[in-house]
1. If we sort 102-113, 165-176, 150-161, 72-83 on the protection proxy, mean other Cβ atoms within 10 Å, highest first, what's the order?
2. At Ala172 and Leu156, where each label point lies 7 Å from the Cα along Cα→Cβ, what is the point-to-point distance in nanometres?
3. What spacing in nm lies between the two simple spin-label points modelled at Glu58 and Arg137, each 7 Å away from Cα in the Cβ direction?
4. Ignoring ligands and nucleic acids, what accessible area does Thr87 show with a 1.4 Å probe (Å², nearest 10)?
5. Please report the accessible area of Ile99 (heavy atoms, 1.4 Å probe, ligands and nucleic acids excluded) in Å², nearest 10.
Amino acid sequence: RSGATRDIRSMTSFRTLSIRASGLLALSLFLILMVGLGGLGLYANQQGREAFDVMRDEHVGQFRLLNLAQTRVFRSRVEMDRAARLTRVPSFDRPGPVIASAETLLSEAREAFEAFMAIDVGEAQADNKATLERHFRSLVSTGLELQLMLLKEEDLGAYDSGQARLTSMSQAFVDSVEAFSTLALEQEEGLAAGFRHLADSMNLALAAALTL
């Protein structure tokens, strides 16, 4: 009997150890799963933030150059109109220096736009970039430069006749800038939405693991 009792006790101890071992194994697997999901979530979040920051920095650089080109173009036109008024009504201010200022502003606009064109904006923006280039070069080459030439020749009649055409070209350029900017902002929002979806998926996975 004493031998049988010892056998029963041994079997009970073995079962208890087996249950404890199984419990520890399950707990270990659970902890590994939680750590893995948590680490994956942190990595995905970090990668997402870095990707978003890179895209945002690229867009900031593109917007800065486009804004510089746009403001220089419009300031150049303002100077031309001022030069035209000085030509019509002589005063102490001569139109020559004002025309020179308009030329300088136009040159700065070209430099800013060429810097923008040197940037790789990606396939999604290729069409918008091509449209931007077409409208900018049309505005500058067949619009503003022609108006400058007419001012230098003091042909104010032809200068006035070109104003409506110049306004139409300017609006086309503004519209193309807006289209480019809108798509860029949509790209940022799409990227942010993707990361939010990934974060939600990771939270659901963690919640599911906790209910196991």
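The values are calculated or read from the model by the stated rules, or taken from the named source; none is laboratory data. This structure is a prediction, so every number in the text was calculated from the model and none was measured. When we count neighbours, we look across all protein chains shown, and the Cβ atoms used for this are built from the backbone with ideal geometry, even at glycine. In case anyone asks, the SASA skips ligands and DNA or RNA and just uses the protein heavy atoms, side chains included. Shrake-Rupley method; radii C 1.70, N 1.55, O 1.52, S 1.80 Å.
1. Details: 102-113: 18.6, 165-176: 16.2, 150-161: 14.6, 72-83: 20.1.
Descending packing order for the listed peptides: 72-83, 102-113, 165-176, 150-161.
2. 2.9 nm
3. Between Glu58 and Arg137, the simple spin-label model gives 2.4 nm.
4. The value for Thr87 is about 30 Å².
5. 20 Å²
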